[in-house]
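Asker: Okay, handing you the structure first.
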Amino acid sequence: MSSTYPEAGELSATRPVQVGATCFGGTRFVVVAGPCAVETQEQLVTIARHVRAHGAAALRGGVFKMRTDPRSFQGLGAQALPYLDAVRRETGLPFIVEITAADQVGTFAGHVDALQVGSRNMYNSHLLKELGRTRTPILLKRGFAAQLKEWLLAADYVLAGGNEEIILCERGIRTFEDQTRNTLDLAGAVWARQHAPFPVIVDPSHATGRPELIGPMCLAAAAAGLDGLLLEVHNEPTRALADGFQALTLDRFSRITTALSPVLNAVGRSL
Ligand code: PEP
Ligand code: MN
């Protein structure tokens, strides 16, 4: 980075992670965007086209949803595979999908570009060991009650198997505060960036649960020198099958990426 802010040496040198054509931890600030849950091919393609046109460099979309309420939508599972194939083909963007059990790894590894470990599975050492045996990049979310050192130890499980392609994602932790869905630990994200060689991105969607707070937190993450964002976006949030309340509309998404430009410019980065 050519900029003088953050001060040289404040953030450790990251080992860049290549996910398809997109590099995390390099000079580009990587915006990963897409719906909470994949619902239909049309929904996924509509969102993907828009976010690609407005700065996203990778796509997301859950197919195994670990919902609190067993009656709520659980995701399409392997039925979504043709949709993921189609959207990758059309946009050329890499796709990141969350897997929730070791037996899903083989099915999905050939169809996606990175595998996500969700907050609820950060402590699932059997899953982490299985992912350590692959050479697929891993997006490791912080457990919502995990200490920073526990998060890095979870990454060590993946590393121990020989897989060094790890990206960390701060997604908010549970605190006494109930005006936001979780509490975004931005300092913790920077701490992780200073104490580990992995790129660190921030998920202000799950961290705040409030669309109106997501934009300011995106700007803060960019200004702090972090490596990217994970954002939930929906073409019709009121009809979304999961997390519609926190979904960015297409329009709000593009306003955020526009607002990011001058901040990224100030820290020597770009979308
Ligand atoms: C997600 O990103 O789809 C998700 C379920 O988030 P988390 O694991 O952070 O709750
Ligand atoms: Mn979600």
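The values are calculated or read from the model by the stated rules, or taken from the named source; none is laboratory data. Keep in mind the model is a prediction, meaning the values are calculated, not measured. Backbone-built Cβ (ideal geometry, glycine too); neighbour counts: all protein chains shown.
Asker: Before we move on, is Val31 surrounded by 22 or more Cβ atoms within 10 Å (Cβ to Cβ), modelled with pLDDT of 95 or more and over 15 Å from the mean Cα position of the chain (by Cα)?
Answerer: No; evaluated as a whole, the condition is false for this residue.
Asker: Consider Asp243 carefully, then state whether it is of a type in the set (Asp, Glu) and surrounded by fewer than 23 Cβ atoms within 10 Å (Cβ to Cβ). Lay out the reasoning, then the answer.
Answerer: On the way: of a type in the set (Asp, Glu): yes; surrounded by fewer than 23 Cβ atoms within 10 Å (Cβ to Cβ): yes.
So Asp243 passes the test.
Asker: Report, by residue number, each residue of the stretch 233-252 that is within 16 Å of ligand 1 (Cβ to nearest atom) and either under 17 Å from Ala48 (Cβ atoms) or hydrophobic (A, V, I, L, M, F, W, C) (or both).
Answerer: Here is the first cut: in the stretch 233-252, the residues within 16 Å of ligand 1 (Cβ to nearest atom) are 233-234, 237, 240-248.
Answer for the stretch 233-252, where residues must be within 16 Å of ligand 1 (Cβ to nearest atom) and either under 17 Å from Ala48 (Cβ atoms) or hydrophobic (A, V, I, L, M, F, W, C) (or both): Val233, His234, Pro237, Ala240, Leu241, Ala242, Phe245, Ala247, Leu248.
Asker: Please go through the stretch 133-155 and give me each residue that is over 19 Å from Val32 (Cβ atoms), outside any loop (DSSP other than H, G, I, E, B) and in contact with a helix residue (DSSP H, G or I) (Cβ under 9 Å, 6 or more places away or on another chain), ordered by number.
Answerer: Leu148, Lys149, Leu152, Ala154, listed by residue number.
One line per residue, one yes/no per condition, for (1) crowded, with 18+ Cβ neighbours inside 10 Å; (2) under 24 Å from Arg15 (Cα atoms); (3) within 16 Å of ligand 1 (Cβ to nearest atom):
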position	(1), (2), (3)
Met66	no, no, yes
Pro70	no, no, yes
Leu76	yes, no, yes
Asp85	no, no, no
Glu90	no, no, no
Leu93	yes, yes, no
Gly110	no, yes, no
Val117	yes, yes, yes
Phe144	yes, no, yes
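Asker: Looking only at the stretch 119-142, filter to residues that are within 19 Å of the chain's Cα centre (by Cα) and β-branched (Val, Ile, Thr); which one of those is surrounded by the fewest Cβ atoms within 10 Å (Cβ to Cβ)?
Answerer: Ranking the candidates gives Thr136 first.
Asker: OK, next. Can you find, within the stretch 192-227, the residue that is surrounded by the fewest Cβ atoms within 10 Å (Cβ to Cβ) among those that are within 12 Å of ligand 2 (Cβ to nearest atom) and outside any helix (DSSP H, G or I)?
Answerer: Going through the qualifying residues, I end up with Gly209.
Asker: Check whether at least one residue in the stretch 107-115 is touching a Pro at 6+ places or on another chain (Cβ under 7 Å) and more than 16 Å from ligand 2 (Cβ to nearest atom), and report yes or no. Quick ask: steps written out before the conclusion?
Answerer: Within the stretch 107-115, the first condition is being touching a Pro at 6+ places or on another chain (Cβ under 7 Å), and the residues that meet it are 113-114.
Still in the running and more than 16 Å from ligand 2 (Cβ to nearest atom): 113-114.
Among the residues of the stretch 107-115, at least one is touching a Pro at 6+ places or on another chain (Cβ under 7 Å) and more than 16 Å from ligand 2 (Cβ to nearest atom), which makes the answer yes.
Asker: Does Leu230 satisfy being within 12 Å of ligand 2 (Cβ to nearest atom), within 23 Å of Thr27 (Cα to Cα) and buried (at least 20 other Cβ atoms within 10 Å of the Cβ)? If you could, list the steps in order and put the result at the bottom.
Answerer: Details: within 12 Å of ligand 2 (Cβ to nearest atom): yes; within 23 Å of Thr27 (Cα to Cα): yes; buried (at least 20 other Cβ atoms within 10 Å of the Cβ): yes.
The answer is yes for Leu230.
Asker: Pick out the one residue from Ala13, Ala33, Ala48, Ala56 that is touching a strand residue (DSSP E or B) at 6+ places or on another chain (Cβ under 7 Å) and assigned to a loop (DSSP other than H, G, I, E, B). Can you show your working first?
Answerer: On the way: Ala13 fails: touching a strand residue (DSSP E or B) at 6+ places or on another chain (Cβ under 7 Å); Ala33 fails: assigned to a loop (DSSP other than H, G, I, E, B); Ala48 fails: assigned to a loop (DSSP other than H, G, I, E, B).
Ala56 is the lone residue from the list that is touching a strand residue (DSSP E or B) at 6+ places or on another chain (Cβ under 7 Å) and assigned to a loop (DSSP other than H, G, I, E, B).
Asker: OK, next. Quick check on the stretch 59-78: of everything there that is in contact with a Phe, Trp or Tyr (Cβ under 9 Å, 6 or more places away or on another chain) and farther than 15 Å from Gln43 by Cβ, which residue is nearest to ligand 2 (Cβ to nearest atom)?
Answerer: So the first thing to find is which residues in the stretch 59-78 are in contact with a Phe, Trp or Tyr (Cβ under 9 Å, 6 or more places away or on another chain), and the list is 59-61, 63, 65, 67, 74-78.
Next, from what is left, pick out any that are farther than 15 Å from Gln43 by Cβ: 67, 74, 77-78.
Numbers: Arg67: 9, Gln74: 13, Gly77: 16, Ala78: 20 Å.
Ranking the candidates gives Arg67 first.
Asker: Another question, then. Based on what the data block shows, is Ala160 surrounded by fewer than 19 Cβ atoms within 10 Å (Cβ to Cβ), closer than 30 Å to Ala53 by Cα, among the small types (Gly, Ala, Ser) and away from ligand 2 (no atom under 16 Å from the Cβ)? First the steps, then the outcome.
Answerer: On the way: surrounded by fewer than 19 Cβ atoms within 10 Å (Cβ to Cβ): yes; closer than 30 Å to Ala53 by Cα: no; among the small types (Gly, Ala, Ser): yes; away from ligand 2 (no atom under 16 Å from the Cβ): yes.
Spelling it out, it is not the case that Ala160 is surrounded by fewer than 19 Cβ atoms within 10 Å (Cβ to Cβ), closer than 30 Å to Ala53 by Cα, among the small types (Gly, Ala, Ser) and away from ligand 2 (no atom under 16 Å from the Cβ).
Asker: Considering Leu260, Leu248, Leu241, which residue is under 22 Å from Glu170 (Cα atoms) and either in contact with a Pro (Cβ under 7 Å, 6 or more places away or on another chain) or within 16 Å of ligand 2 (Cβ to nearest atom) (or both)?
Answerer: Leu248
Asker: Just to check your reading of the model, which residue among Leu226, Leu213, Leu230, Leu219 is in contact with a Lys or Arg (Cβ under 9 Å, 6 or more places away or on another chain) and more than 12 Å from ligand 1 (Cβ to nearest atom)?
Answerer: Values: Leu213 fails: in contact with a Lys or Arg (Cβ under 9 Å, 6 or more places away or on another chain); Leu230 fails: more than 12 Å from ligand 1 (Cβ to nearest atom); Leu219 fails: in contact with a Lys or Arg (Cβ under 9 Å, 6 or more places away or on another chain).
Answer to the selection: Leu226.
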